[in-house]
Amino acid sequence: MSSHQAKKQLGQHFLHDAGIIDRIVRAVDPQPGEHIVEIGPGQGALTIPMLRRHGGLDVIEFDRDLIAGLHDISQRIAPLQIIHADVLTVDLTALAGDGRIRLIGNLPYNISSPILFHALEHADAIIDMHFMLQKEVVDRMAAGPGSKVYGRLSVMLQAYAQVQSLFKVPPGAFRPPPKVDSAVVRVIPRTAQDIAVRDRASFSRVVQAAFGQRRKTLRNALSSVCDVALMESVGIDPGDRAERIDVARFIALGNAVHESLSRV
Ligand code: SAM
């Protein structure tokens, strides 16, 4: 397996730093009976220690050249359910069956946001996710108002999940090394009762428009979405900019837009 040529188009950067791998396994802290699913097991850098500790795992790998190696790991160490597929096509709710899964993975960075939002579409079936991502993406995911990197990703994600940035990982922990720093993030989907967004489409429209022109005041950036009175009704100053508005206010505005449209 060491002869495998890393494929750039599949975001293949294989972890080899034992200390980092151990930190990830400890952050996940798998408990007996839990159903753990790994996205992109690759050559098994995380899979093997997780299997040794947990005794069983489902893995979703797209690269057919890595499947034989995963069968070998399954025979040598403990049973793996190997799903040879693009994770974006996998029905995670069906995979969870009657229970809920925990997702882990050192993700292919080129499709990390689509994977996150695909997982959130199956939020009811997911307990939590521990992912390695580009640090710059983790910073945006976890940012709060006032931060330079607070934006659409922060708001869209935090409305549906709690996000915790856990620790930074340098390029040297991977082979081949990526050009950027990485970080491990924990994402815990909110339960349906906990999600205040009443209509996904209205919320998404508000957030997209607000950050689409982040240098403009909200009065201007949101002019095609709602009027000033509606902003003021949820406590938003129309002279403010998107980067200063917290997630709760964006949700309140999305809900107000939805209600005003339902009244028409
Ligand atoms: N977990 C391994 C490690 O830490 O060394 C590999 C991580 S590597 C960054 C990303 C892995 O995701 C690769 O094994 C790659 O083949 C796989 N992958 C890429 N695109 C995928 C997709 N759409 N669905 C499932 N796996 C994918």
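The values are calculated or read from the model by the stated rules, or taken from the named source; none is laboratory data. This structure is a prediction, so every number in the text was calculated from the model and none was measured. Cβ placement follows ideal geometry from the backbone for every residue including glycine, while neighbour counts extend to all protein chains displayed.
Pick out the one residue from Gln193, Gln162 that is modelled with pLDDT under 95 and within 30 Å of Glu232 (Cα to Cα).
Gln193
Close contacts from segment 98-111, counting a first residue that is more than 15 Å from Lys8 (Cβ to Cβ) and a second that is assigned to a strand (DSSP E or B) and small (Gly, Ala, Ser), with Cβ to Cβ under 9 Å and a gap of 6+ residues or different chains, come to Asn106/Ser182. Remark: Phe250 falls outside the filter, which requires a residue to be in contact with an Asp or Glu (Cβ under 9 Å, 6 or more places away or on another chain), under 19 Å from Gly146 (Cβ atoms), assigned to a helix (DSSP H, G or I) and in contact (Cβ under 8 Å) with a residue 24 or more places away in the chain. Only a single criterion out of (1) among the small types (Gly, Ala, Ser); (2) away from the ligand (no atom under 11 Å from the Cβ); (3) over 23 Å from Val185 (Cα atoms); (4) loosely packed, with under 15 Cβ neighbours inside 10 Å is not satisfied by Ala85, namely (2).
Using the structure shown, decide if Leu103 is surrounded by 21 or more Cβ atoms within 10 Å (Cβ to Cβ), within 15 Å of the ligand (Cβ to nearest atom) and within 22 Å of Val206 (Cβ to Cβ).
Working: surrounded by 21 or more Cβ atoms within 10 Å (Cβ to Cβ): yes; within 15 Å of the ligand (Cβ to nearest atom): yes; within 22 Å of Val206 (Cβ to Cβ): no.
Against the criterion (surrounded by 21 or more Cβ atoms within 10 Å (Cβ to Cβ), within 15 Å of the ligand (Cβ to nearest atom) and within 22 Å of Val206 (Cβ to Cβ)), Leu103 does not qualify.
In the set Glu243, Glu232, which member is assigned to a helix (DSSP H, G or I) and surrounded by fewer than 18 Cβ atoms within 10 Å (Cβ to Cβ)?
On the way: Glu243 fails: surrounded by fewer than 18 Cβ atoms within 10 Å (Cβ to Cβ).
Within the list Glu243, Glu232, the selection yields Glu232.
Report yes if some residue within segment 36-45 is away from the ligand (no atom under 16 Å from the Cβ), assigned by TED's automatic domain parsing to the domain that holds Gly172 and part of a loop (DSSP other than H, G, I, E, B); otherwise report no.
Taking segment 36-45 and keeping what is away from the ligand (no atom under 16 Å from the Cβ), we get none.
Taking every residue of segment 36-45 in turn, none turns out to be away from the ligand (no atom under 16 Å from the Cβ), assigned by TED's automatic domain parsing to the domain that holds Gly172 and part of a loop (DSSP other than H, G, I, E, B).
Filtered by the rule that a residue be of a type in the set (Phe, Trp, Tyr), within 17 Å of Ala45 (Cβ to Cβ) and crowded, with 21+ Cβ neighbours inside 10 Å, segment 141-188 gives a lone residue, Phe174. Restricting Val197, Val180, Val163 to those that are in a loop (DSSP other than H, G, I, E, B) and away from the ligand (no atom under 16 Å from the Cβ) reduces the list to Val197. Considering the conditions (1) modelled with pLDDT of 95 or more; (2) within 12 Å of the ligand (Cβ to nearest atom), Lys8 is excluded by exactly one of them, (1).
Among the residues of segment 57-76, those that are of a type outside the set (D, E, K, R), surrounded by fewer than 17 Cβ atoms within 10 Å (Cβ to Cβ) and either within 20 Å of His118 (Cα to Cα) or more than 12 Å from the ligand (Cβ to nearest atom) (or both) comprise Ala68, His71, Gln75. Somewhere in segment 115-124, is a residue assigned by TED's automatic domain parsing to the domain that holds Ala161 and near the ligand (Cβ under 9 Å from one of its atoms)? Checked against the condition, which is being assigned by TED's automatic domain parsing to the domain that holds Ala161 and near the ligand (Cβ under 9 Å from one of its atoms), segment 115-124 yields at least one hit.
For Val137, the stated conditions hold: it is surrounded by fewer than 22 Cβ atoms within 10 Å (Cβ to Cβ), β-branched (Val, Ile, Thr) and not in a loop (DSSP other than H, G, I, E, B).
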